[in-house]
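The values are calculated or read from the model by the stated rules, or taken from the named source; none is laboratory data. Given the structure is predicted, the values throughout are model-derived calculations rather than measurements. Quick reminder, even Gly has a Cβ in these numbers, built from the backbone with ideal geometry, and neighbours come from all protein chains shown.
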Amino acid sequence: MKKSKSGKKLLASLLSFGIAASLLGGCSSGSSGSKEDSSKSEAESSSEAQGESLTVKGGEGATDLSMWVFVEIHGQFYAEMVKEWNAKNPDKQINLTVTTYPYDDMHNKLTLALQSGEGAPDLCDIEVGKFPNFLKGTPQLADLTEYIKPYKDSIVPSRLALYSKDGKNYGVPTHVGATVMFYNTEILDKAGVDYTKIKTWDDYLKAGKKVVEKTDAYMGTIDTGGLNNYLAVLAELGSDYTTEDGKPNVDTPEMVKAISLFKSFKDAGISEIIAGGHSDTEEGFGEIVAGKFASVIEPLWYMSRFTNYMPELSGKIAIAPLPVFEEGQKRSVGLGGTGTVVTKTSKNLKLAAEWLTWAKLSEDGNIQIWKILGFDPVNTAMWTNKEVTHDPENKYVKYFKNNPFDVLNEIRDEISLIKSNEAVPSLANYLCTTTFNSIFEDGADIEKALKDAQEQVELELG
Amino acid sequence: MTKFFKKFIYNQKVAPYIFIFPFVLIFCIFFIYPMIYTVVMSFQKILPGENEFIGFSNYSKLFRDSVFFKAVANSFVYMVLTLVLLIPFPMLFACMINSRTMAAKEFFKSVFFLPALTSVVVAGTIFRLAFSESDSSLMNQFIQMLGFTPIKWLKMRETGFAVLLLLACWRWTGVNMLYFLSGLKNIPEELYESADIDGANSWAKFTKITVPMLKPTIIYVMTISVYAGLAMFTESYMLWGGNNSPQNIGITIVGYLYRQGIEKNNMGYASAVGIVLLVLAMVLNLTQLKINGLFKKED
């Protein structure tokens, strides 16, 4: 009897504690605790709307510059470049504060800040798919053409075009983003597959069947929330998903063929939808680490995802050109990208532009882009600099089975371009929320789904 | 001068206007002006540095936009279902808690009310994780224990909407219950006593006394629920971890406004969406208030 009474008391105190705890939890929302959850579940969780800052101080009389980025490690790169700049330019010292926001939040904040003319940072990273939004009307971005000029001859020209309007350059590219196939050789070895022998999609399918038969893994991923797989194949077919004059162009035989390829892989049981909708999410990393997929199609910038989020796979991942339908087709395409801009409202426009173009386009900068970010830099002079590209101490060289630059130099004349224009934000949004989901989750007819997408986006833009 | 000022300040006709002036000022700056400007913008193509009048083309585009209709349908269904779930049940719970035979009243009151104190952001995130599609998510573990296969909760329209409604009920039942509780406190005991003398049973007392006497509260709760249902955004945004739910199963009118205006930098089109929302909410609420007789002169 007595026991049950004290039990009741305990229960009561537990309950009241619980109530108090949930009350407190309600108040201090988002500040702590939530981060661990989000890192486990979703990359661009909006629970941390605060943003995290990193400041690099310059010497006396330094100018304050602020910058927003949406990938934390980009901030580390810029911090390093400010340190180098300050060491070289004692008369132009910079204090840089880089703030990392989640992807959607950062672009939305920038839109509002530029629209209202207040609150924008001096410098900002803008993802290529969002860039056309910022070129609408009279761009509220600084014209960087003059500042880019000294570097122009040594960089891949198509990457500049992505961030330009009416012949003026508004954004500085970060990388080429050559798309390749990342193979998990541990799984392939178990299945007795030699990835260097995979030249066509037929070879890939055959290899996939072996993988599924002999291991627990799937050969490849199906993305419902990402475009990279489909755009890579579309580029092989020499097509694009928008027209020259910025109209959607998805109800084409090429697009149908590209999507049908992945549909046939899914039907054959060698590919499966990846958690999170595409391979560049925390959920996706989790499945790749767990060995669910033997190959992933991603641009070379995905290397940093391997080293940062999937250290367990070190020494097991090989890089290879994409398979093609028939030999002779171009085996790569530049995908993704980040254009860094200087805003028109910046009080130190000149210094910001000078530093930015130096940091991202000079050979010094490009060496750091490779070292820190693991990107394929736009300055091609650097690609053949063996000392840098084959540095045995480099973490990317260490991580992968073969050297990324060997692959890059092999395909350097086969890297095609998928355009980014005003149709892209709406089109990508519709494809990634509706079209791919209806095709791969609900089994909708590919041609019809693409026709719907075409009509909806035409209407929205019209 | 001071005389004039004194006369002015002590003037009984002027004083009321002075007192309400701060409110009117704030109302005009933050409500009337943006509203008028939204109407203007809905006839414009808004680009940074270049605004251009384009007549009704935002609207004509809107009425051919399938995603917009999906958003309207979603908001509408959500609004109706929240009315169905969030008026009768909280009323019932309020009656139960108000009843003399009920034990631990305060405990239930606080338990029902607690969710309303958590932020939607936290609640939405937790619901998203609990209903995540992976095999190890809370709800999937639960249904696997019952022998079902894991479900991609947030990828299908029906289950996605069910989760959204669950979140709404979890959060708002307590709040609506408190409205009804305060309404119940205003019903005089004598009415029930005389009903007892006449031999009325509990059901008769509930339908003949409680519900009619609660009518003002019901109207109030209904009015705010109609608006809140149509304007819902944060719940959907947090549940799908962003504004882009698969096949737009979670898009709402405000979500679409946000997507067009902020994510796609298309303010003119977004303004047209906002005006349609305003018209919808006004028409619904005015009709509802008219039917319920709120505009009749009090006797």
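Points worth noting:
- Residues located in the stretch B:76-107, provided they are within 12 Å of another protein chain (Cβ to nearest Cβ) and at pLDDT 90 or above: B:PHE107
- Scope the stretch A:72-118; condition under 22 Å from B:GLU263 (Cα atoms) and away from chain B (no Cβ under 14 Å); matching residues: A:GLU72, A:THR99, A:THR100
- Per-region count, the stretch B:22-66, residues of a type in the set (D, E, K, R) and exposed (fewer than 13 other Cβ atoms within 10 Å of the Cβ): 2
- Within the stretch A:298-335, being crowded, with 20+ Cβ neighbours inside 10 Å, in contact with a Ser or Thr (Cβ under 9 Å, 6 or more places away or on another chain) and within 22 Å of A:PHE77 (Cα to Cα) holds for A:GLU298, A:PRO299, A:LEU300, A:TRP301, A:TYR302, A:ARG305, A:PHE306, A:GLY334, A:LEU335.
Matching residues to (1) closer than 30 Å to A:THR281 by Cα; (2) part of a loop (DSSP other than H, G, I, E, B); (3) in contact with a Phe, Trp or Tyr (Cβ under 9 Å, 6 or more places away or on another chain):
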| position | (1), (2), (3) |
| --- | --- |
| A:ALA79 | yes, no, no |
| A:VAL82 | yes, no, yes |
| A:THR99 | yes, no, yes |
| A:ASP104 | yes, no, yes |
| A:LYS152 | no, no, no |
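- Picking from residues in the stretch A:253-271 that are more than 22 Å from A:ILE415 (Cα to Cα) and touching a Ser or Thr at 6+ places or on another chain (Cβ under 7 Å), the one that is surrounded by the most Cβ atoms within 10 Å (Cβ to Cβ) is A:SER271.
Yes/no per residue for (1) in contact (Cβ under 8 Å) with a residue 12 or more places away in the chain; (2) out of contact with any strand residue (DSSP E or B) (no Cβ under 6 Å at 6 or more places or on another chain); (3) under 24 Å from A:ASN437 (Cα atoms); (4) more than 14 Å from every other protein chain (Cβ to nearest Cβ):
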| residue | (1), (2), (3), (4) |
| --- | --- |
| B:PRO115 | yes, yes, no, no |
| B:GLY124 | yes, yes, yes, no |
| B:GLN141 | no, yes, no, yes |
| B:THR149 | no, yes, yes, yes |
| B:VAL163 | yes, yes, yes, yes |
| B:CYS169 | yes, yes, no, yes |
| B:PRO188 | no, yes, no, yes |
| B:SER202 | no, yes, no, yes |
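- The condition of being touching a Leu at 6+ places or on another chain (Cβ under 8 Å), in a helix (DSSP H, G or I) and outside the structural domain of A:LYS344 (by TED's automatic domain parsing) does not hold for A:VAL212.
- A:ALA449 meets the conditions (1) within 11 Å of another protein chain (Cβ to nearest Cβ); (2) in contact with a Ser or Thr (Cβ under 8 Å, 6 or more places away or on another chain); (3) closer than 24 Å to A:GLY339 by Cβ in every case but one. The failed one is (3).
- The condition (being among the polar types (S, T, N, Q), part of a helix (DSSP H, G or I) and more than 9 Å from every other protein chain (Cβ to nearest Cβ)) is satisfied by just one residue among A:ASN421, A:ASN429, A:ASN409: A:ASN409.
- Residue tally, condition assigned to a helix (DSSP H, G or I), out of contact with any Gly (no Cβ under 7 Å at 6 or more places or on another chain) and farther than 18 Å from A:GLN115 by Cα, over the stretch B:40-60: 3
- In the stretch A:240-262, residue nearest to A:SER416 (Cα to Cα) [restricted to those that are in contact with a Lys or Arg (Cβ under 9 Å, 6 or more places away or on another chain) and assigned to a loop (DSSP other than H, G, I, E, B)]: A:ASP240
The rows are residues; the columns are (1) in the same structural domain as B:ARG100 (by TED's automatic domain parsing); (2) among the small types (Gly, Ala, Ser); (3) within 30 Å of B:PHE69 (Cα to Cα).
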{"site": "B:SER137", "(1), (2), (3)": "yes, yes, no"}
{"site": "B:GLN141", "(1), (2), (3)": "yes, no, no"}
{"site": "B:LYS155", "(1), (2), (3)": "yes, no, yes"}
{"site": "B:VAL175", "(1), (2), (3)": "yes, no, no"}
{"site": "B:ILE209", "(1), (2), (3)": "yes, no, no"}
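- From the options A:THR200, A:THR242, residue that is more than 17 Å from A:PRO321 (Cα to Cα), touching a residue at least 24 places away in the same chain (Cβ under 8 Å) and among the polar types (S, T, N, Q): A:THR242
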